[in-house]
1. Of all residues in region B:36-64, which are touching an Asp or Glu at 6+ places or on another chain (Cβ under 7 Å) and farther than 21 Å from A:F228 by Cα?
2. May I ask you to list the residues in region B:118-134 that are within 22 Å of B:S172 (Cα to Cα) and either without any contact (Cβ under 8 Å) to a residue 12 or more places away in the chain or in a helix (DSSP H, G or I) (or both)?
3. Mind telling me which of the residues B:L597, B:L620 ends up being modelled with pLDDT under 80, away from chain A (no Cβ under 14 Å), buried (at least 18 other Cβ atoms within 10 Å of the Cβ) and within 30 Å of B:A207 (Cβ to Cβ)?
4. Determine the pairs where a residue that is part of a helix (DSSP H, G or I), located within region A:62-73, has a partner that is exposed (fewer than 13 other Cβ atoms within 10 Å of the Cβ) and modelled with pLDDT under 90 with Cβ atoms under 6 Å apart, the partner being 6 or more residues away or on another chain.
5. For region B:31-38, check the following and say yes or no: at least one residue is within 14 Å of another protein chain (Cβ to nearest Cβ), surrounded by 15 or more Cβ atoms within 10 Å (Cβ to Cβ) and closer than 26 Å to B:A631 by Cβ.
6. List the helices (runs of 4 or more DSSP H) that sit entirely inside region B:156-224 and contain at least 3 residues that are under 18 Å from B:K142 (Cβ atoms) and within 20 Å of the chain's Cα centre (by Cα).
7. Keeping to region B:256-275, report how many residues are closer than 29 Å to B:T230 by Cβ and modelled with pLDDT of 85 or more.
Amino acid sequence: MHDFLDNTLLSRLGSLPIESRVPMLGNVAGKHRSPHRGSSVEFAEYRKYVPGDDTRRLDWKAFARSDRFYIKEFEADTNLRAYFVVDASGSMNFTGNGEAKIQVARRIAASLAYLLVNQGDAAGLSICTDKLHLEVQPSRRAAHLERFFSTLGSVQPTGETGLIAALHTIAEKTSQRAFVVILSDLFMDTTALGDALQHLRYRKHDCSVFHLMDPLELGFEFDRPHRFVDLEDGTSIVAEPNLIADEYKTALRDFLTTVRAKCHDAAADYQLVTTDTPLEPLLREFLTARLPKSKH
Amino acid sequence: MLFLNPFLLWGLLAAVIPIAIHLLNRRRHKTIPWAAMQFLLKATRESRGKKKLRHILILTCRALAVAALIFAAARPIVSGLIGWGGGSIDTVVLLLDRSASMESKPADGLDSRRQIVIQKVRDSMASLGVSRLVLIDSATSKPQEIPSPDSLTELAATAATDSAADFPSLLSRAAEFLADTSGRSEIWIASDLQTSNWLPDDHRWAATRASLAALPQRPALRVLSISGPTAANSAIRLLGSRRSGDELLLDLELFRSSDSRSSTTLPLTTHLNGARTSESLTLPGQSLRFQKRVPLPQGSSTGFGHLSIPADGNLRDNSVFFAYGPARPVQSLIVAPAGEAADYLALAAAPPGFGNQSAQRIDPAMAATHPTADLAAIFWASDFPTGPAAESITRFLNSGGQVLFLPPAGASPSSFLDLKWSPMTQAPAGKFFILKDWNHSDGPLRDGIDGNPIPAERLKAIRRQIPLGDAAPLARWEDGEPFISRRIVEQGTAWFLSSTPDYSWSNLGDADVLLPTVQRILAAGADRFDASYLTTVSSDAAQVLPGEIRTRLDDYGTPDPANSAYQSGVFRLGERLLAINRPAQEDNLEILTREQLDQALDGTKYTLLDQAGQANDPSLSRDVWRAFLIAVLGFLISEALLSLPKKSHPQVLSKKVIA
C-alpha cells in the first residue's frame with residue numbers, strides 16, 4: 001500500500017465519475033462521448049441515407065411513414081485516456097507549512113488515476129525533470145495501476161523542471177484526444193508554459209492544471225533573516241524577509257495572475273492548490289465542476 | 001555640556017548593540033531550502049533603495065535611543081554660563097560686583113542679587129568641576145584664589161559693601177591676571193549691569209578690550225546678570241551737609257524705585273550723637289528733595305549721626321551718615337571799588353540776620369596781599385586780576401575757593417584764565433536784556449531743593465559785559481549771550497556774571513537773582529571746610545593714612561569689620577572724623593542696554609546670561625536629563641513608526657486568483 005493512497009478518500013469519491021469536457025477518441029466503448037456516431041442508446045440525429053451506409057441502421061419506421069430512407073444516428077461512447085504529467089523538479093520537493101508538493105501531486109494523481117481506471121478509462125503517467133522523463137503508458141487494466149503507483153512513489157524530485165518539454169512531447173506523440181492533468185508548481189517561464197498549453201489545446205486534449213503552492217511560499221512570513229537555498233540549482237541568497245516581503249508578494253501575485261490567464265487562454269482547468277488543503281473537498285469540487293450540465 | 005556621572009558615558013558603547021544584534025542576526029540566519037527563488041531574487045533586486053534607507057533609519061533610531069538613554073543616565077548639565085559648546089575650564093576669573101546696588105532684591109526673592117548670583121556661581125562651579133577659581137571683587141579689585149566654590153558665600157571678599165564698581169578697571173585687572181595664567185580660562189562677570197558702574201562711554205574700555213585681545217589664549221566672557229523687577233525699595237541720599245551756627249543743614253533726597261505714584265509716608269529716624277528722634281515724611285511721588293535742619297546741642301563743636309528709613313528691598317541705601325566740626329564764620333571778600341555794586345554784593349554776601357556771615361570790601365589794589373585761607377568766596381567786580389593778585393586768586397581757586405567775577409564797568413584789557421571782558425554793550429533805548437533760559441538743575445540759578453525755581457525772569461539789564469573765552473554758560477540772555485558762565489579750576493570754581501548790581505546797569509540789586517547766586521556760591525565755598533567731614537566709600541579721603549587707625553563710631557546696622565573700608569558709616573581715622581556715604585552713582589538705577597554692553601565688550605564675543613526674575617532658580621546650570629529621556633521616547637516612537645507595516649500590504653491570494 002502506498003502512503004499517498006487514501007482508501008477512505010477513494011471510496012467517498014467513487015460515486016463521482018470523471019468526465020471529459022471534450023469528446024474523446026477511445027479504442028473501446030466507454031462512458032465518454034465520442035466525436036463519432038456510434039451505437040449507444042443515446043439518440044443523436046436523423047440523416048438521409050447515402051449509398052454505402054450500413055443498412056442495419058436504417059430507420060424502417062420512418063421509411064414506412066415517409067417513404068424515405070433515414071439513417072438514425074446515436075452518440076458513440078468511448079473510453080478516456082488520461083495522462084498525469086507530474087513535475088519532478090527540485091522545487092517540488094519544497095516542504096513549508098504543508099506537505100511536500102510532490103507528495104500532494106502523488107496523492108492527486110494516484111486518486112484520480114484510481115478513479116479513472118475504476119470507471120474503465122486508461123490512465124498514464126509522465127514524470128519529468130530536465131534530465132529524466134519517465135513514462136507509464138495509459139492502460140485500463142487494474143493491474144496497470146500498481147505500476148502507475150510504484151512509478152509515482154519512486155519519484156525523487158531533483159534538478160530543474162522539464163515540464164514544458166514533456167507537455168510538448170505528449171501533445172505531439174498522443175494522436176488521440178486525451179485528458180492531460182498537469183501537477184506542478186509551474187516555477188518556469190510562463191510564456192513557454194502558455195505555448196505548451198496552447199499546443200495541447202491545438203491537439204484537442206482536455207487539460208487540467210493543478211498548481212501546487214506551499215502556504216509558506218504564498219505568505220512569506222519569516223521573523224528573521226534566512227539563507228534561501230534554491231532547491232533546483234543549489235544557489236543561495238541571504239535575505240531579510242521583512243524587508244522584501246512586499247516586493248516578493250507583488251511578484252508572486254503577478255505570477256499567479258499570469259499563470260491563471262495562460263490556462264484560461266488555453267481552455268485549461270486551473271486549480272491553485274495549497275499543500276495544506278484537504279484533498280477530498282478539492283477533488284470533489286474538481287470532479288463536480290467537470291460533470292456535464294445535464295447530468296447535474 | 002558636562003556630566004555629573006561622566007563614567008557612565010562608557011555606556012555609549014551600548015549604542016552599537018542594536019547594530020551588533022542586527023549584524024549577528026544576519027550572520028545567524030537560518031538556512032532554508034526554497035523553491036520560489038525567482039520571486040525572491042526579483043524582490044531582493046527591487047527592495048534596495050527606500051527599504052534599505054528605512055532599515056538604516058530604524059537601526060539609527062535604535063542606536064540613538066540607547067545613546068540618549070546613556071546620556072540621560074550620565075546626568076548632563078547645560079550651564080547658561082558654559083553653554084553647549086563648553087568643555088573643561090582650567091581657570092575661571094569671577095568679577096563680582098559688590099556695589100551697593102547689588103544688594104537690591106528681585107521682586108520674588110528674599111536674597112539680594114549679590115547673594116543669588118554668588119549661589120548660582122557656587123553651584124555652577126561645583127557641578128562643572130572648574131579646577132581654579134579666582135575672585136576679583138569690585139571693592140578690592142585684587143585677584144584672590146578661592147580654594148573651594150563652596151566658600152564663596154562665606155568669604156568677606158564677597159560680602160556686601162557700599163562701594164561702587166568700576167568695570168573697565170576690573171576687566172583690566174582680570175586681563176592682567178590672565179596674562180600670567182596658562183590653560184583655558186573664562187571670565188565670569190556677575191553684575192546688575194548698572195550703567196554708572198559699567199561706564200560704557202569710558203575711554204578706558206578701548207585699552208581693556210585691547211589687553212583682553214592681547215592674551216595668548218583669549219578667555220570667554222560670560223556676563224551674568226539678574227535684572228528684572230526689584231522688590232519695593234526706598235532710598236535716602238545725602239546731597240550736602242553744612243553747619244550753620246548751631247544748626248546742621250542737611251540737603252537730602254528721598255526716592256523710591258516702585259512705579260507707584262500715590263504718596264507714601266516713611267518714618268525718618270535721626271541719630272545725633274547717640275540721641276534719636278523720629279519723624280514721618282510724606283513722599284508725594286517718586287522722589288522728594290528737602291533740607292533738614294538738625295539743631296545741634298548747645299556748645300557742640302564736633303559730632304556725628306545718621307538718618308535712616310526702614311529696611312526694604314535694598315538694605316544698603318536706607319541710611320546716610322553725617323559729621324560736623326566746629327562752627328565757622330562764613331567770610332567773603334568783595335574786591336571792588338566802593339560804590340553801589342559793592343554795597344549790594346556786601347548785602348547779598350552778609351544779609352542782616354545771617355550772624356555767621358561777614359563780608360569785607362577791599363580795593364582791587366589790596367587783593368594781592370589780602371589773606372584768603374579762611375574765605376568762603378571772593379566777589380570780584382573790577383578788572384581781572386593780574387600779577388600777584390592773579391596768583392593769589394588762582395591759589396584760592398585751586399584750594400577749592402569760589403570766585404564770582406562781575407564786569408569792571410568799563411573797558412578792560414586784562415585777562416584771567418584766558419578770559420577777558422568784552423566792551424560794554426547797552427540795550428536799545430526802551431528795551432532790556434532779559435534772561436531767556438538758565439540751568440534749573442545746576443549752577444547758582446538752579447531750582448530750590450523744594451523744586452521752586454529762582455525768579456530769574458525778573459532780571460532786566462540795560463548794560464552788560466560778556467566774558468570772552470572758554471567758560472561754560474549756565475544762563476543766557478535772550479540773544480544767546482551768556483549771563484552766568486563757569487570755569488572749573490582745580491578744586492574751585494570761577495563764576496562770571498555779565499552784569500553788575502548797579503541800577504545803571506541792571507536790577508540785579510533787587511536780590512531776586514543776586515541773593516541766591518551769592519549765597520549759593522558762598523555755600524559752595526564754605527562746603528570745602530565742612531567737606532573734610534564728608535566723603536564717599538573708596539574715595540581718597542576715606543583711605544587710611546599711615547599711622548591712622550579706622551574706628552567706626554556709629555551704631556547703625558551690623559558692621560562688618562573685615563569690610564569696614566568699603567562700608568558707609570561714621571569713622572574716626574586717626575584724628576579725622578569722617579562720615580562716609582555710598583557713592584552717588586549707586587543711586588542711579590539706570591541699567592546698561594544691550595547696545596551699550598555690545599559697545600563696551602565689542603570684539604570679545606561675550607555671552608550674556610540674564611536670569612531676569614529667576615531668583616528662585618538655584619543654579620546657573622540645569623540638569624537636562626529629561627530632555628534626553630524625551631529624546632529616547634522620540635527615537636523609540638520614530639522607530640516604531642518606521643517599523644509599522646505599510647497599509648497597502650499586497651495580498652497574494654486575491655479572491656480573483658483563488659477563484
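The values are calculated or read from the model by the stated rules, or taken from the named source; none is laboratory data. Owing to the predicted nature of the structure, the values given are computational and were not obtained by experimental measurement. Cβ coordinates were reconstructed from backbone atoms using ideal geometry, including for glycine residues, and neighbour counts include every protein chain displayed.
1. B:I58, B:C61, B:R62
2. Scanning region B:118-134 gives B:I118, B:V121.
3. B:L620
4. The qualifying pairs do not exist here.
5. For region B:31-38, residues within 14 Å of another protein chain (Cβ to nearest Cβ), surrounded by 15 or more Cβ atoms within 10 Å (Cβ to Cβ) and closer than 26 Å to B:A631 by Cβ: absent.
6. B:167-179
7. 7
Per-residue answers, yes or no, for (1) touching a His at 6+ places or on another chain (Cβ under 6 Å); (2) among the aromatic types (F, W, Y); (3) more than 8 Å from chain B (Cβ to nearest Cβ); (4) surrounded by 20 or more Cβ atoms within 10 Å (Cβ to Cβ):
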residue	(1), (2), (3), (4)
A:D230	no, no, no, yes
A:G234	no, no, yes, no
A:I237	no, no, no, no
A:K249	no, no, no, yes
A:R253	no, no, no, no
